[in-house]
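A short write-up of the structure that comes next.
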Amino acid sequence: VERMRFGALMLFMALWSLLVYVPVAHWVWEPGGWLARMGALDFAGGAVVHVNAGAAGLACACYLGKRHGYGKEAFQPYNLGWTLMGACLLWVGWFGFNGGSALAADGRAALAMVVTHLAAAGGALGWAAGEWLLRRRASLLGLCSGLVAGLVAVTPAAGFVGMGAGLLIGAIAGLVCYWGATGLKRWLGADDALDVFGVHGLGGMVGSILTGVLASSAISGVQGNVLAQTVAVVAVAAFSFAATCVLMWVTDRCIPVRVELPDEQQGLDISEHREHVGP
């Protein structure tokens, strides 16, 4: 965010979609894929979408470098009301994301929707608990981040677990992702502006591994396998990070990926798109 040229972004997205997302989706969701044959479970995209994108986001942040002023100036959220509105839209939209992955309007789809709802609530509570324990305050931004963490974490599990397990997955993810967006982020030193790795990457890892622990054969007819889930998480994260670094380098050779300093200081909405909010 606020560093990458739009043309470079479009080229990178095309390359990444074909050369990173497609192979990972085949590994996990094609019955003949090597992770599918190993027994890895991913109902709606925990490894395929979230671990994959989280590792890619971290790689992009590392390649691009930090925004000018990062760590020295306070980068505050622009409008928390819009943040809350967007989080609510995500919450509702995720019912289609997870429920629709049942590929039928049946009881399993309904259960996936309920589990998704509970996990989002659990994630919000888990993140708020982390904020309160460490900082003695809870925030609206934290609530929004926590509910997204819960939604992310339950994505691989939604069609394999019951309601109690969904709530537990969300609560654990809320706590872990709070650490990922604060302590781990400071330790890594990467300017991951939207906490893609901290929320989506870690949330996907937590949810994928807990799917192996909590998957119920009575619900899905399959048994969870923690080893298979762990292998899937590690393989997808490592492949995505390495491949993303290569594709960023290739893109940079075609179109310089980082904008000039005056354009960054002006803001990419104006410098790249000639658009702004307001009258």
Calc'd 3J(HN,Hα), region 248-260, phi into Karplus 6.51 cos²θ - 1.76 cosθ + 1.60 (θ = phi - 60°), Hz, glycine/Pro = x, comes to 5, 5, 4, 4, 5, 6, 8, 9, x, 7, 9, 6, 6
Expressed in nanometres to one decimal, the distance between label points 7 Å along Cα→Cβ at GLU30 and ALA218 is 3.7 nm
Taking every other residue with Cβ under 15 Å from the Cβ of LEU188 and scoring Lys and Arg +1, Asp and Glu -1, one gets 0
Looks like region 120-259, by Cα gyration tensor root eigenvalues a ≥ b ≥ c and the a/c under 1.5 rounded cutoff (else prolate when a/b is bigger than b/c, oblate otherwise), is oblate
Charge dipole of region 38-181 built from unit charges on the beta carbon (Lys, Arg +1; Asp, Glu -1), centred at mean Cα; most positive-end Cα among GLY45, CYS62, GLN76 is GLN76
Hull volume per residue for region 57-118, using the convex hull of the C-alpha atoms, in Å³ is 130 Å³
A correct Karplus calculation of ³J(HN,Hα) over region 194-203, with 6.51 cos²θ - 1.76 cosθ + 1.60, θ = phi - 60°, whole Hz and x for Gly and Pro, returns 9, 6, 5, 6, x, 9, 6, x, 5, x
Computed for the chain: size of charge dipole around the Cα centre, +1 on C-beta of each Lys and Arg, -1 on C-beta of each Asp and Glu, debye to nearest 20, value 500 debye
Charge tally for neighbours of LEU202 with beta carbon under 15 Å away, counting Lys, Arg as +1 and Asp, Glu as -1, is 0
Sorted by chain and then number, the residues having a modelled amide H within less than 5 Å of the amide H of ASP192, at least 5 places away or on another chain, are none
Treating only Lys and Arg (+1) and Asp and Glu (-1) as charged, each at its beta carbon, one finds that region 22-165 has a dipole about its Cα centre, in Debye to the nearest 20, of 500 debye
The answer for ARG258, listing residues at least 5 apart or on another chain whose modeled amide H is closer than 5 Å to its amide H, is ARG5
Lys and Arg at +1, Asp and Glu at -1: neighbours of TYR21 with Cβ under 14 Å from its Cβ sum to -2
With +1 on the Cβ of every Lys and Arg and -1 on the Cβ of every Asp and Glu, the dipole magnitude of region 181-279 about its Cα centre, in debye rounded to the nearest 20, is 500 debye
Checked against the structure, the computed Rg and Dmax of the Cα atoms in Å among (1) 23.5, 73; (2) 19.9, 68; (3) 19.0, 59 is the one labelled (3)
Of 47-58, 231-242, ordering from highest average Cβ density within 10 Å down gives 47-58, 231-242
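Every number in this text was worked out from the coordinates using simple rules, so none of it is lab data. Because the structure is a prediction, the values reported are computed rather than measured. Reconstructed Cβ throughout: ideal geometry from the backbone, glycine too, with neighbour counts over all protein chains shown.
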